[in-house]
Structures are given as C-alpha cells and as structure tokens.
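Here's the structure, in structure tokens; my notes come after.
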Amino acid sequence: MRRAETVAVVGAGSWGTALSIVLADNGHEVRLWGHKSNQIEEINQEHSNKKYLPDVHLPENIVGYTSLEDALSGLEIIVLAVPTKAIREVLGKIKEFQKHPLTIVHVSKGIEPQSLMRVSEMIEEELPSNLYDSIVVLSGPSHAEEVSLRQPTTVTVSSENMAAAERIQDLFINQHFRVYTNPDLIGVEIGGALKNIIALAAGISDGLGYGDNAKAALMTRGIAEISRLGFKMGANVLTFAGLTGIGDLIVTCTSVHSRNWRAGNLLGQGKTLQEVLDNMGMVVEGVRTTKAAWQLAKKYEVNMPITNALYQLLFNDGDARDAVDHLMGRVKTNEMEDLTI
C-alpha cells in the first residue's frame with residue numbers, strides 16, 4: 001500500500017498541473033501554488049486550469065494556494081515546477097519563512113546563463129543548507145498535455161541521495177506514469193536542458209520547409225553535441241542514450257506539443273525572436289539555454305556547431321537559411337571522430 005502524503009507543487013503552469021494530477025491519482029493531497037488569484041480560484045472552484053490544460057478535469061484532492069507560506073506549511077516534499085529564470089526568486093521567498101529542511105524535486109529543464117549553473121546547483125547556492133535535505137531532479141520525455149490525459153509516459157529521477165530519488169520514484173509511479181532512477185544527476189540535468197536547443201533547431205528546419213532527412217541529421221548530431229559537453233561536465237555518456245537524452249530529444253523535436261519546437265518553427269517562417277516570444281505566451285527554455293550552452297562550449301572547449309549556429313541566429317541577428325548552409329558546408333570529417341568524447 002502506498003503511503004498518502006501531502007505535497008506542494010510550486011508552479012501552476014501546464015507541467016506543474018499535470019504532475020499534480022499524477023500525485024492526486026496516487027492518493028496524495030496536493031497543494032498547487034500559483035501567483036495569479038484568478039487562476040487559483042478557477043482551480044479550487046471549477047477544478048480546471050483552462051489556460052494551460054483545456055478540457056482537463058482536476059481531481060478534488062488538488063487544492064490551489066496563492067500563499068507560498070501556507071502551501072508549504074508543515075510539508076517535507078515540494079515539487080519546484082517554475083521556469084528556470086524564476087527559480088531564484090521563488091527560493092528567495094521560501095527562505096524568508098521556511099524553518100525545517102525540505103526534499104526539493106525540481107522539474108525545470110534549463111541552465112542559467114552567466115553563472116552556467118544547473119538547476120540543482122542554483123538551489124544549493126540560493127538556499128541555506130539547513131533548508132533542504134535532498135535535491136531530486138525529475139526529467140524525461142513527458143508532454144504535460146499527454147500526462148494530464150493519463151497517456152503512457154516514462155521519466156527518470158536522479159539525486160546525489162539515491163534513497164531520496166527512490167522515495168520520489170514511489171511518490172509518482174503508477175500504471176500511466178512509469179518512473180526510473182538514474183544515479184547520474186549531472187547527465188539527467190544536462191540532457192533535459194540541452195535537448196531544448198536541438199528542438200528549436202528542429203522547429204526552424206521544419207519552418208524552413210526542410211524534410212525528415214534534415215531533422216534526423218539535427219537530432220543525431222545534436223545528441224553528439226550534448227554528449228560531448230555532458231562528458232566534459234562530468235556526466236556518464238550512457239545517460240544520453242536514455243530517457244533524458246535520446247528519449248526527451250525525440251519527443252521535443254517531433255511534437256507540436258513542444259513549445260521549443262513551435263518557437264523554432266515560427267523562427268523558420270521568418271518571425272523575429274521577440275515576435276515569437278510574444279506569440280508563445282509561455283517560457284521557451286531553449287532560448288536562454290542556447291546562450292548558456294554556447295558559453296559552456298567556450299568554457300570547456302567543446303565543438304558544438306548546432307548550438308553555435310543557433311546562438312548566432314538568436315542573439316546576433318543571423319539568418320536561418322544561412323545557418324543551415326553553414327552547417328552543411330563545414331569541413332569534412334569522419335563521423336566516428338566527431339563522436340569521440
């Protein structure tokens with residue numbers, strides 16, 4: 001028998017809401033925090049979150065909160081489901097009132113530009129050590145739209161404390177949502193973050209009208225780039241052959257549910273970056289992560305041609321077709337040499 005717990009999910013966007021449904025289905029009481037009072041009122045009164053998950057009914061054991069302090073009161077586990085750029089702000093609020101250590105499950109897929117920190121490193125830097133006992137990452141090929149409809153999904157969890165990872169595995173796993181464990185925290189975070197860059201590139205390719213050949217090339221060479229950088233950062237390269245590598249790359253590069261793919265598709269059609277971001281109405285993690293990955297490639301002296309081409313396009317007013325031509329016209333090389341770590 002599963003032990004029922006009370007869990008706070010911090011972030012009432014599509015992913016936070018979908019994970020709340022998984023937890024609620026497993027018999028847990030869920031406190032779903034969001035900063036918009038009208039959204040929380042809708043969650044509590046209508047049991048819906050139409051902006052993010054239209055036509056999805058929320059279980060009644062999901063209760064919305066606008067007070068972060070009330071949402072976390074007395075709890076041991078929180079799920080941090082806010083965009084990477086909001087993590088420090090939210091953690092800053094938490095440390096104002098939190099008195100006892102938490103197990104923090106983060107589900108954000110990004111890297112912070114300038115600091116070049118992974119999300120777990122941001123948490124460690126932002127919170128005093130007495131306010132967390134474990135940091136767990138949950139990642140993998142998992143569109144919120146499909147998870148909320150209870151369609152089959154597999155993810156992985158990782159932590160430096162594998163006992164904590166196994167506890168989170170037990171918290172989430174059910175017949176629709178299968179959860180694996182992986183001891184490679186660095187690899188799981190890097191794979192989940194960097195695949196968004198390749199998804200942007202795949203969307204651009206589709207927006208330009210290129211076919212499956214081009215997208216297959218981007219995905220294959222993309223995972224090679226991710227693996228090279230991940231290895232230099234201390235990851236196990238086998239992680240990138242799993243759920244948070246190839247798995248997440250496939251789903252993010254090929255689905256209209258992917259906001260990174262959609263953003264890239266609009267860029268390929270000729271929209272400016274600002275027009276794309278205004279049109280999306282939601283955070284596109286791949287944009288910030290492209291800047292961070294470009295900086296990491298310089299720091300670790302790793303060859304990342306797709307990342308570099310996308311960086312020039314996004315931040316130096318590059319042209320999408322010119323970027324593809326540049327990638328195709330690079331000096332010839334041996335495929336296996338290029339895969340060498």
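Legend: residues 206, 322, 317, sorted from most to least accessible area (1.4 Å probe; ligands, DNA and RNA excluded), read 317, 322, 206. The convex hull around the C-alpha trace of the stretch 19-145, projected and averaged over every direction, spans 8.1 square nanometres. Dimensions of the stretch 88-145 along the principal axes, based on C-alpha atoms and rounded to the nearest Å, stand at 35, 27, 17, largest first.
Surface composition of the chain: carbon plus sulfur atoms contribute 49% of the solvent-accessible area (1.4 Å probe, protein chains only, all chains present). Quickly work out the residue 160-to-residue 325 label distance, labels modelled 7 Å from Cα along the C-beta direction, and quote it in nm with one decimal. Result for the modelled spin labels: 4.9 nm.
Quickly rank 108-118, 162-172 as a protection proxy: mean count of other C-beta atoms within 10 Å, highest first.
Details: 108-118: 20.6, 162-172: 18.6.
Result, highest mean first: 108-118, 162-172.
If one puts a single equal scatterer on every Cα of the stretch 253-321 and applies the Debye formula without solvent, what log₁₀ I(q)/I(0) results at q = 0.15, 0.26, 0.27 Å⁻¹? Taken in order of the listed q values, log10 I(q)/I(0) reads -0.49, -1.23, -1.29. Using C-alpha pairs below 8 Å separated by at least 6 residues, the relative contact order for the chain is 14 percent. Accessible surface calculations at 1.4 Å, restricted to protein heavy atoms, place the stretch 26-68 at 53 Å² per residue.
Across all Cα atoms of the chain, the radius of gyration (one decimal) and Dmax (whole number) stand at 19.7, 61 Å. In the stretch 1-51, the alpha-carbon atoms span a convex hull of 70 Å³ per residue. When peptides 7-20, 127-140 are sorted by average Cβ neighbour count within 10 Å, with the highest value leading, the order is 7-20, 127-140. In terms of the Cα gyration tensor, with a ≥ b ≥ c the square roots of its eigenvalues, is the stretch 134-196 rounded because a/c is under 1.5, prolate because a/b exceeds b/c, or oblate? In terms of gyration-tensor shape, oblate. For residue 215, the aspartates and glutamates whose Cα comes closer than 13 Å to its Cα, not counting residues fewer than 8 places off in the same chain, are 206.
How much area per residue is accessible in the stretch 259-312 when the probe is 1.4 Å and only protein heavy atoms are counted (Å²)?
Working: 2420 Å² over 54 residues.
Value for the stretch 259-312: 45 Å² per residue.
Principal semi-axes of the equivalent ellipsoid, √(5λ) from the alpha carbon gyration tensor of the stretch 192-341, are 23, 17, 15 Å from largest down. Ranked by the mean number of other Cβ atoms within 10 Å of their residues, highest first, the peptides 26-38, 72-84 come out as 72-84, 26-38.
Go through 51/85; 195/271; 36/298; 99/299 and tell me which ones have a Cα-Cα distance over 29 Å in this structure. Spell out each step's value before the answer.
Working: 51/85 21 Å; 195/271 22 Å; 36/298 39 Å; 99/299 38 Å.
In this structure, 36/298; 99/299 lie more than 29 Å apart at Cα.
The values are calculated or read from the model by the stated rules, or taken from the named source; none is laboratory data. Just so you know, these numbers come straight off a predicted model, no measurement behind them. Ideal geometry is used to build each Cβ from the backbone, glycine not excepted, and the neighbour counts take in all protein chains shown. Please note that ligands, DNA and RNA were not included when accessible areas were found on the heavy atoms of the full protein model with its side chains. Shrake-Rupley method; radii C 1.70, N 1.55, O 1.52, S 1.80 Å.
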